[in-house]
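First the structure, in the form of structure tokens, and then the observations on it.
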């Protein structure tokens, strides 16, 4: 009997727990070494862009939270801000502070879920319970404020649906979180098993990341200082320094997210101070039923938890957009797998894919 | 074209807001901007059906070195030059545009159905995709009924 060397085609997903939704990776393997990777997406395609062309802006607003259900606030903010920019509406300081506080809380909850899920991918189950416990506090707060745990639909054109309440709950959360983060770091950051699974794995060189349009934490963990928040109108009154580290590997992306949560806590503290000083809401609400964007093109971008997200709207002066396009960070991360996984081993593939923090509804739109 | 000619070509392009509208030489223009002005990140490519048989492609470029944006726009009919050899990320964008608008990118060999099933007919984000449903606002002929 002769043994011939052949390669094996392996379908990872679409129902694999570590694909965080419905992603199918078609891997070609030589032993355990990956020769090629072909992502197959579209299992969750809902036609968000086509839907927009047949809906008025207020009809469309509740659906945009579903683009990334772990960080819905960011997409509401994108749509609201673009409409506000087109109609020349300015936001009051209190509304800006409310939005920053909620965006950052949402970012923390998203990162917490990622830490848990990432560690679960690597085989450590207990951190998942710890991070979900803290995330639950944030979700409870959002439920109290907006009535929703994930898809908040809280921002509206010109302001927010109602004034912020239960600020002491947020204070409680940001008081507890730093201690809990220290706890996570004690059991995760220098854990030898975790280090051997992530250190030096999935190294992304900065110029390759830029060429593949990788943004957000993944880019900053490769040492490139690009954070949309630095130039964002919302964050103008806030002191903020982007988290940039130079390790470039999966471990760096974990560390960067821990540091980002700490940075977010600082931003929330500043927002709460503004909220205490600035008591009047001063909203510039417009009648949502009569919104018509002037003829033209509008573009806005924001730093979402999974990379830079942007929206493009072309309007012909009607109450519905002529064309609406979303740019999401995860889409580029998934396409980057094609070159990133080649030459890696199958058991590292999950760790590398997990470290990019991909969410599938954002990929499929 | 050499560097001076390209610089002149770009300078003479029409501006629409902050958009630089090129009529041809898309690949050369982006190559020039990448190498001479370090516009090294292609944030996204947006395609718009202009409903007159033309499509507009908008390229959002960013320079991580100078922290600057550049927007390039080109009008095409059904084919465009691929820039996948300059920007890896363009492969993803071009594939999405092929799936949704049916535009062929010459030089990109890997165009295939992405969100839609492989045997799907038509290109959903085109304005003439559905013609017989009077409830749909994107259908020009029926917009009064919407």
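Residues considered: B:16, B:49, B:69. Of these, the only one that is surrounded by fewer than 18 Cβ atoms within 10 Å (Cβ to Cβ), within 14 Å of chain A (Cβ to nearest Cβ) and either at pLDDT 85 or above or under 21 Å from residue A:207 (Cα atoms) (or both) is B:69.
All of A:289, A:293 fail the test of being buried (at least 23 other Cβ atoms within 10 Å of the Cβ), within 19 Å of residue A:85 (Cα to Cα) and more than 14 Å from chain B (Cβ to nearest Cβ), apart from A:293.
When you check residue B:8 against the structure, is it under 24 Å from residue B:111 (Cβ atoms) and more than 9 Å from chain A (Cβ to nearest Cβ), yes or no?
Numbers: under 24 Å from residue B:111 (Cβ atoms): no; more than 9 Å from chain A (Cβ to nearest Cβ): yes.
Against the criterion (under 24 Å from residue B:111 (Cβ atoms) and more than 9 Å from chain A (Cβ to nearest Cβ)), residue B:8 does not qualify.
When residues in segment A:110-145 are screened for being within 21 Å of residue A:192 (Cβ to Cβ) and surrounded by fewer than 16 Cβ atoms within 10 Å (Cβ to Cβ), 3 of them pass.
Take residue A:70 and decide whether it is assigned to a loop (DSSP other than H, G, I, E, B) and under 13 Å from the mean Cα position of the chain (by Cα). Yes; evaluated as a whole, the condition is true for this residue. On the given criteria, is residue A:223 at positive phi, surrounded by fewer than 21 Cβ atoms within 10 Å (Cβ to Cβ) and either assigned to a loop (DSSP other than H, G, I, E, B) or out of contact with any helix residue (DSSP H, G or I) (no Cβ under 9 Å at 6 or more places or on another chain) (or both)? Against the criterion (at positive phi, surrounded by fewer than 21 Cβ atoms within 10 Å (Cβ to Cβ) and either assigned to a loop (DSSP other than H, G, I, E, B) or out of contact with any helix residue (DSSP H, G or I) (no Cβ under 9 Å at 6 or more places or on another chain) (or both)), residue A:223 qualifies. Can you spot a residue in segment A:232-252 that is away from chain B (no Cβ under 14 Å), without any contact (Cβ under 8 Å) to a residue 40 or more places away in the chain, part of a helix (DSSP H, G or I) and buried (at least 20 other Cβ atoms within 10 Å of the Cβ)? Yes, some residue in segment A:232-252 is away from chain B (no Cβ under 14 Å), without any contact (Cβ under 8 Å) to a residue 40 or more places away in the chain, part of a helix (DSSP H, G or I) and buried (at least 20 other Cβ atoms within 10 Å of the Cβ).
For segment A:310-325, state whether one or more residues are free of Cβ contacts under 8 Å to residues at least 12 places away in the same chain and more than 18 Å from residue A:213 (Cβ to Cβ).
no
Listed residues A:333, A:339, A:310; which is under 16 Å from residue A:118 (Cβ atoms) and within 14 Å of chain B (Cβ to nearest Cβ)? Among A:333, A:339, A:310, only A:333 is under 16 Å from residue A:118 (Cβ atoms) and within 14 Å of chain B (Cβ to nearest Cβ). If you take the residues in segment A:198-219 that are surrounded by 24 or more Cβ atoms within 10 Å (Cβ to Cβ) and not in a loop (DSSP other than H, G, I, E, B), which one is farthest from the other protein chains (Cβ to nearest Cβ)? Out of the qualifying residues, it is A:198. Selection of segment A:21-32 for residues being loosely packed, with under 14 Cβ neighbours inside 10 Å and either in contact (Cβ under 8 Å) with a residue 24 or more places away in the chain or facing chain B (nearest Cβ under 10 Å) (or both) yields A:30, A:32.
For segment B:86-133, residues that are assigned to a loop (DSSP other than H, G, I, E, B), more than 11 Å from every other protein chain (Cβ to nearest Cβ) and over 20 Å from residue A:326 (Cα atoms) total 10.
The values are calculated or read from the model by the stated rules, or taken from the named source; none is laboratory data. These numbers were taken from a predicted model, which means no experiment stands behind them. Backbone-built Cβ (ideal geometry, glycine too); neighbour counts: all protein chains shown.
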